[in-house]
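The values are calculated or read from the model by the stated rules, or taken from the named source; none is laboratory data. These figures come from a predicted structure and were not determined experimentally. Cβ placement follows ideal geometry from the backbone for every residue including glycine, while neighbour counts extend to all protein chains displayed. Just so you know, the surface numbers come from the protein's heavy atoms only, side chains and all, with ligands and any DNA or RNA stripped out. Shrake-Rupley method; radii C 1.70, N 1.55, O 1.52, S 1.80 Å.
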Amino acid sequence: CLETPLGHFATTTPGSLSAKVAPGHGLAEIDLWLIERLVENGRLGPRQLAAAGSISEVSVRRHLKRLLDDRVITVRAVVSPEKIGFPAVIICGLKVDLSKVRNVTAKLASHDHINFVTSCAGVFDVFFTGMFTSNREIAVLLQQFVAQIDGVRETQTFICIQGEQGYFSRFVPRCIADPSIAFDDRVP
């Protein structure tokens with residue numbers, strides 16, 4: 001996937017990095033171990049990580065600083081959309097004229113309720129996710145915003161269903177940070 005104005009992210013499961021990272025990647029074994037522990041529990045501090053790995057706290061701090069400074073890892077909150085007022089979450093795939101992919105991703109990234117955009121290779125050229133307070137807001141987004149973007153040929157929208165464990169988003173729409181932004185029928 002290509003980076004868009006909102007960036008791109010990937011997650012991993014504990015224990016999976018060591019076996020998958022190719023030699024010469026620039027990460028020490030301790031880096032991989034730290035990343036895996038933080039994926040399990042992002043709230044662990046250097047003292048707890050040091051104790052869990054029988055590593056000096058100074059060493060843990062040095063490795064974490066380098067991982068953060070080099071942007072190998074970033075610290076983010078992961079939210080439950082429903083609990084912050086966004087029970088309607090979508091993933092939407094778009095088929096786009098290839099010469100207009102960058103313009104489409106930039107336009108999508110400008111919308112206050114869209115919280116992740118990426119261009120891809122495959123069946124769809126662009127994917128985005130959005131968090132909404134109602135199905136009506138989803139309809140307005142698709143019919144009055146996405147449909148008006150030059151280059152979009154086809155859309156496929158998936159409604160996310162909350163499972164037993166819930167669902168979480170790494171990204172919060174800009175509208176949650178700025179209460180003056182209200183979703184309405186206007187095309188942004």
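Our summary of shape: the Cα atoms of segment 23-103 have principal axis extents of 52, 37, 19 Å, ordered from largest down, in whole angstrom.
Quote to one decimal, in nm, the extra length available between Arg66 and Ser134 on full extension: 0.36 nm per residue of separation minus the C-alpha distance between them.
Details: separation 68, 0.36 × 68 = 24.48 nm, distance 4.22 nm.
20.3 nm is the gain from fully extending Arg66 to Ser134.
A simple rule links phi to the HN-Hα coupling: the Karplus curve 6.51 cos²θ - 1.76 cosθ + 1.60 with θ = phi - 60°, which for segment 98-114 gives 4, 6, 10, 4, 4, 5, 5, 5, 5, 5, 4, 5, 7, 7, 5, 9, 8 Hz, with x for Gly and Pro.
Counting only protein heavy atoms and a 1.4 Å probe, tell me what percentage of segment 60-128's accessible area is made up of carbon and sulfur.
Numbers: 1940 of 3550 Å².
So the carbon and sulfur contribution to the accessible surface is 55 percent.
Under a 5 Å amide H cut-off, with hydrogens placed 1.01 Å from N, Leu44 pairs with nothing among residues at least 5 apart or on other chains.
Restricting the trypsin sites (Lys or Arg not before Pro) of segment 70-107 to loop positions (DSSP other than H, G, I, E, B) with no more than 14 neighbouring Cβ atoms within 10 Å leaves Arg71, Arg76.
The stretch between Cys160 and Ala147, if pulled fully straight at 0.36 nm per residue, gains 2.6 nm over its current Cα-Cα span. Enumerate the residues in segment 69-93 having an amide nitrogen under 19 Å from the point lying 7 Å beyond the Cα of Gln48 toward its Cβ. Once the point is set 7 Å along Cα→Cβ of Gln48, 73-80 turn out to lie under 19 Å by backbone N, inside segment 69-93. Per residue, segment 38-151 exposes an accessible area of 53 Å² to a 1.4 Å probe, with every protein chain left in place.
By the Cα gyration tensor, segment 28-75 has an equivalent ellipsoid whose semi-axes, rounded to whole angstrom, run 15, 12, 9 from largest to smallest.
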